[in-house]
């Protein structure tokens, strides 16, 4: 089956430097970038409440945690291109649970992808696809309600990092 649907793409254009936006963004998210962390916490958890407490310990002030950072600018420099661009995979298993419980298809779009980049003209942007629009193809009211809350958390994080609305 192939299906088409509409996705809302958000970009926050900042007056701050690339480095400042990256620093502010990273200061607000926790870190789960070590791929062994989640399996260790799953194995160590004695109960669902214990697992929840263990995961909460990795949350940043935003409620998000980083799973992966790709510094595209670093490898672009190796091929002779000056670029400032970092992409992130961020999320929170406890937030994902509020959607995946209702439809496992949510797993295609969580955790969330965010990119921070500087354009050729010097503009600094933080961009993402709005989670509720990504989940809209599932046609599930419970998923949609939870995704709208995720939209608000992500928008708040982006505005804090950039100082700008989408």
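The values are calculated or read from the model by the stated rules, or taken from the named source; none is laboratory data. Quick caveat, the model's predicted, so the values are computed rather than measured. A quick note on method: Cβ atoms are made from the backbone with ideal geometry, for glycine too, and the neighbour counts reach across all protein chains shown.
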| query | Are any residues in segment 84-128 touching a residue at least 40 places away in the same chain (Cβ under 8 Å), part of a strand (DSSP E or B) and surrounded by 18 or more Cβ atoms within 10 Å (Cβ to Cβ), and if so, which ones? | reply | 86, 88, 90, 112, 114, 116, 117, 118, 124, 125, 126, 128
| field | Matching entry among 59, 19 (being farther than 19 Å from residue 130 by Cα and in contact with a strand residue (DSSP E or B) (Cβ under 6 Å, 6 or more places away or on another chain)) | value | 59
| Segments classed as helices (runs of 4 or more DSSP H), wholly inside segment 1-77, with at least 1 members that are closer than 18 Å to residue 157 by Cβ, out of contact with any helix residue (DSSP H, G or I) (no Cβ under 7 Å at 6 or more places or on another chain) and free of Cβ contacts under 8 Å to residues at least 12 places away in the same chain | 18-28
| query | What do you reckon, is residue 73 modelled with pLDDT of 95 or more and within 23 Å of residue 16 (Cβ to Cβ)? | reply | yes
| field | Filter result for the condition that a residue is in contact with a strand residue (DSSP E or B) (Cβ under 7 Å, 6 or more places away or on another chain), within 24 Å of residue 31 (Cα to Cα) and in a helix (DSSP H, G or I), over 147, 158 | value | 158
| task | State all residues of segment 145-160 that are without any contact (Cβ under 8 Å) to a residue 24 or more places away in the chain and out of contact with any helix residue (DSSP H, G or I) (no Cβ under 6 Å at 6 or more places or on another chain); if no residue qualifies, say none. | result | 145, 152
| message | Given the criterion more than 11 Å from the chain's Cα centre (by Cα), more than 25 Å from residue 35 (Cα to Cα) and either assigned to a loop (DSSP other than H, G, I, E, B) or at pLDDT below 95 (or both), identify the matching residue among 164, 152. | response | 164
| task | Report, by residue number, each residue of segment 129-138 that is touching a strand residue (DSSP E or B) at 6+ places or on another chain (Cβ under 9 Å) and surrounded by fewer than 20 Cβ atoms within 10 Å (Cβ to Cβ). | result | 129, 133
